[in-house]
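Chemist: What follows is a single structure, and I will ask about it in a moment.
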Amino acid sequence: MDDFGLTHLEKQQQLDLMEIIEDRHARHSTIIASQLPVASWFDIIGEATIADAILDRLVHTSHRLELKGESLRKKQ
């Protein structure tokens, strides 16, 4: 999940993401890297019901690593 200038996912993208998460839920590991906080995912996904379903499957069984500090890009 990243912003990529998106305001929200299109309907087909929402359904595709839901299908991927549903297929992998409780069967396979899934790694997701995002610059957006999880609270912002609702806005990007766009549909509250689909966002709830996706996040229910991800957040409750996840191991979250949140990095803090200055960007290494700024130091160059």
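Results for (1) in a loop (DSSP other than H, G, I, E, B); (2) of a type in the set (Lys, Arg); (3) touching a helix residue (DSSP H, G or I) at 6+ places or on another chain (Cβ under 6 Å), shown as yes or no for each residue.
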| residue | (1), (2), (3) |
| --- | --- |
| Gln14 | no, no, yes |
| Gln35 | yes, no, no |
| Asp43 | no, no, no |
| Asp52 | no, no, no |
| Leu65 | yes, no, no |
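Chemist: Hey, another quick one. Would you mind telling me which numbered condition in (1) modelled with pLDDT of 90 or more; (2) under 22 Å from Leu67 (Cβ atoms); (3) of a type in the set (Gly, Ala, Ser) Ala33 fails?
Modeler: With respect to (1) modelled with pLDDT of 90 or more; (2) under 22 Å from Leu67 (Cβ atoms); (3) of a type in the set (Gly, Ala, Ser), Ala33 is out only on (1).
Chemist: List every residue pair whose Cβ atoms sit under 7 Å apart, with the two residues 6 or more apart in sequence or on different chains, where the first one lies in the stretch 35-48 and is within 17 Å of Met18 (Cα to Cα) and the second, anywhere, is β-branched (Val, Ile, Thr) and exposed (fewer than 13 other Cβ atoms within 10 Å of the Cβ).
Modeler: Correct list of pairs: Val38/Val59.
Chemist: Suppose we filter the stretch 16-32 for residues that are free of Cβ contacts under 8 Å to residues at least 12 places away in the same chain and either outside any helix (DSSP H, G or I) or of a type in the set (S, T, N, Q) (or both); how many remain?
Modeler: Looking only at that region, the number is 4.
The values are calculated or read from the model by the stated rules, or taken from the named source; none is laboratory data. This structure is a prediction, so every number in the text was calculated from the model and none was measured. Counting neighbours? That spans all protein chains shown, and the Cβs are built from the backbone with ideal geometry, glycine included.
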